[in-house]
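One structure is given below, encoded as structure tokens.
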Amino acid sequence: MLKLVVVAASLLCAYTHDANARPRGHYAHRAHAWCGTYLSRYFGMTDRRLALAREWTKVGSNAGGPNIGVVVVWPHHVGVITGRTPHGEWIIHSGNDGGAVRTRPRAVAGSIAFRRL
């Protein structure tokens, strides 16, 4: 069951499908996607283009794969790897993960870039 939950969660994109769901707090003015905005503020970056997850493929240098401290980019989501579980899953910190800022194990399958800032 846990594997199913992890797989389902990894397929979540940065868009809310519930028309009534809204981000809370500082990001409440962003109707749907705010993972890129959250991560840019997390790193103290001011480039507004980074609000779009894919723009993170152009930041820093190619990390060559997942590692702690590396930014992982999916087509519609972005986060930073903060650790690894005993089972080898990467722990990702990101905004708009289920409508909240979360740090949790997450599959990196389907990612399009790993960037070192």
Using C-alpha positions alone, give me the convex hull volume of the range 28-117 per residue in cubic angstrom. 87 Å³
Place the peptides 111-117, 41-47 in order of packing, highest mean first, counting for every residue the other Cβ atoms within 10 Å and averaging per peptide. 111-117, 41-47
For the range 95-109, in order, what is each residue's ³J(HN,Hα) by Karplus, 6.51 cos²θ - 1.76 cosθ + 1.60 with θ = phi - 60°, in whole Hz (x at glycine and Pro)? x, 6, 8, x, x, 9, 7, 9, 10, 7, x, 8, 5, 9, 4
Please give the contour-minus-distance gain from Ala109 to Ile91: 0.36 nm per residue of separation, less the Cα-Cα distance, rounded to one decimal in nm. 5.2 nm
Convert each backbone phi in the range 80-86 into a coupling constant with the Karplus relation 6.51 cos²θ - 1.76 cosθ + 1.60 (shift: θ = phi - 60°), then list the ³J(HN,Hα) values in order as whole Hz, x for Gly and Pro. 10, 7, 10, x, 9, 7, x
Can you tally the net charge around Gly69? Count Lys and Arg as +1, Asp and Glu as -1, for every other residue whose Cβ sits under 15 Å from the Cβ of Gly69. +3
Area accessible to solvent at Thr103, 1.4 Å probe radius, in Å²: 80 Å²
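The values are calculated or read from the model by the stated rules, or taken from the named source; none is laboratory data. Bear in mind the structure is a predicted one, so any value in this text is a computation, not a measurement. Neighbour counts are summed over all protein chains in view; Cβ atoms, including those assigned to glycine, are modelled from backbone coordinates with ideal geometry. Accessible surface areas use protein heavy atoms only, side chains included; no ligands, DNA or RNA. Shrake-Rupley method; radii C 1.70, N 1.55, O 1.52, S 1.80 Å.
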